[in-house]
Amino acid sequence: MTPGRRLVFRTAATVTVAALAADVMTGCGRAALPAHALAQIRSAAPTTPPPPTAPAPAPVRPAPLGHDGLPEVHSQIKTTDKVVFITVDDGWQKDPGFVKLIRDRKIPITVFLMNDAAKENYGYFRQLQQAGALIEDHTLIHPVMTRLSYAQQKYQICHSADLYARQYGVRPTLFRAPYGISNNTTRRAAKACGMRALFLWKETARGTILYQVRGGLHPGDVILVHFLPHMTRNFLAMLKRIEKQGFTPAAFKDYLPAGYFQ
Ligand SMILES: [Zn+2]
């Protein structure tokens with residue numbers, strides 16, 4: 001082995017300067033190293049230790065899938081808290097008073113937006129988003145999904161999600177099928193479009209609340225309302241009924257793991 005090769009090998013093996021210097025001094029039967037090679041050894045010596053790196057963030061737990069590997073369909077979120085989740089569908093009526101109400105009272109809502117209703121004024125829903133609303137996916141034209149092929153269903157879900165990603169800077173990950181009508185093809189299409197879950201509802205409200213289950217509201221119920229005329233007045237009436245039962249509107253983001261939104 002030539003001295004030069006030995007030097008490279010041992011430097012790579014992070015031998016200390018002291019050990020190398022001893023090696024050079026004893027000679028080991030070789031010629032003494034030139035001064036520039038010694039300088040190289042010294043410069044290769046470890047100096048200060050690298051600063052500690054921040055621990056890697058914990059991996060985000062993905063949204064759970066059904067036994068069939070497809071996104072689940074929810075109408076209620078498991079909790080013992082007296083909270084309900086208000087979802088507002090379609091987007092036909094664009095009442096400025098409603099934005100003000102959501103903003104001023106910081107009421108968490110999720111909008112399942114249908115593109116045909118939104119496209120004449122995407123800005124209205126941007127105002128709602130800025131007031132704290134989540135903008136999620138409710139197709140392009142509100143079809144009965146079960147009458148469509150897989151490719152057609154996928155187009156309805158993926159294309160509206162793409163449009164909203166461009167408009168609102170966040171791509172939807174939650175989907176509600178029009179009329180709540182879906183099949184496993186819908187769930188497959190939703191999965192292919194990046195949806196983490198599908199949502200139905202437990203109550204519909206238009207001022208008064210219509211219950212699917214007797215006994216009023218239950219913890220974690222999802223409530224469905226629509227963008228309709230007089231919606232602000234009706235929404236206030238609904239809020240009163242929710243409060244009267246000791247419930248509070250809550251945000252999906254506070255009750256669903258982060259994996260539902262990434
Ligand atoms: Zn709808």
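Checking the conditions here, which among 147, 176, 206, 187 is more than 16 Å from the ligand (Cβ to nearest atom) and either surrounded by fewer than 18 Cβ atoms within 10 Å (Cβ to Cβ) or at pLDDT 95 or above (or both)?
It is 187.
Out of the residues in segment 70-119 meeting the condition of being within 16 Å of the ligand (Cβ to nearest atom) and acidic (Asp, Glu), tell me which one is surrounded by the most Cβ atoms within 10 Å (Cβ to Cβ).
Of everything passing the filter in segment 70-119, 89 is surrounded by the most Cβ atoms within 10 Å (Cβ to Cβ).
Answer with yes or no whether residue 180 is under 16 Å from residue 136 (Cα atoms), without any contact (Cβ under 8 Å) to a residue 60 or more places away in the chain and of a type outside the set (Asp, Glu).
Yes.
Looking at (1) in contact with a Pro (Cβ under 7 Å, 6 or more places away or on another chain); (2) within 15 Å of the ligand (Cβ to nearest atom); (3) within 22 Å of residue 63 (Cβ to Cβ), which is the one condition that is false for residue 195?
Of everything listed in (1) in contact with a Pro (Cβ under 7 Å, 6 or more places away or on another chain); (2) within 15 Å of the ligand (Cβ to nearest atom); (3) within 22 Å of residue 63 (Cβ to Cβ), residue 195 misses just condition (2).
Can you name the condition, by its number, that residue 170 falls short on among (1) within 25 Å of residue 187 (Cβ to Cβ); (2) not in a loop (DSSP other than H, G, I, E, B)?
The one condition residue 170 does not meet is (2).
Restricting segment 120-144 to residues that are over 14 Å from residue 88 (Cβ atoms) and among the charged types (D, E, K, R), which is farthest from the ligand (Cβ to nearest atom)?
Ranking the qualifying residues of segment 120-144, first place goes to 126.
In segment 209-230, which residue that is among the β-branched types (Val, Ile, Thr) and away from the ligand (no atom under 16 Å from the Cβ) is nearest to residue 71 (Cα to Cα)?
Start the filter on segment 209-230 by keeping residues that are among the β-branched types (Val, Ile, Thr), which leaves 209, 213, 222-223, 225.
Retained after the next criterion (residues that are away from the ligand (no atom under 16 Å from the Cβ)): 209, 213.
Numbers: 209: 28, 213: 24 Å.
Filtering segment 209-230 for residues that are among the β-branched types (Val, Ile, Thr) and away from the ligand (no atom under 16 Å from the Cβ), the one nearest to residue 71 (Cα to Cα) comes out as 213.
Here are some residues: 104, 95, 81, 90. Which one is among the acidic types (Asp, Glu) and without any contact (Cβ under 8 Å) to a residue 60 or more places away in the chain? Before the answer, list the steps.
Working: 95 fails: without any contact (Cβ under 8 Å) to a residue 60 or more places away in the chain; 81 fails: without any contact (Cβ under 8 Å) to a residue 60 or more places away in the chain; 90 fails: without any contact (Cβ under 8 Å) to a residue 60 or more places away in the chain.
Selected residue: 104, the only one of 104, 95, 81, 90 that is among the acidic types (Asp, Glu) and without any contact (Cβ under 8 Å) to a residue 60 or more places away in the chain.
The values are calculated or read from the model by the stated rules, or taken from the named source; none is laboratory data. Since the model is a prediction, treat every value here as computed from it, not as a measurement. Please note: Cβ atoms are built from the backbone with ideal geometry, for glycine as well, and neighbour counts cover all protein chains shown.
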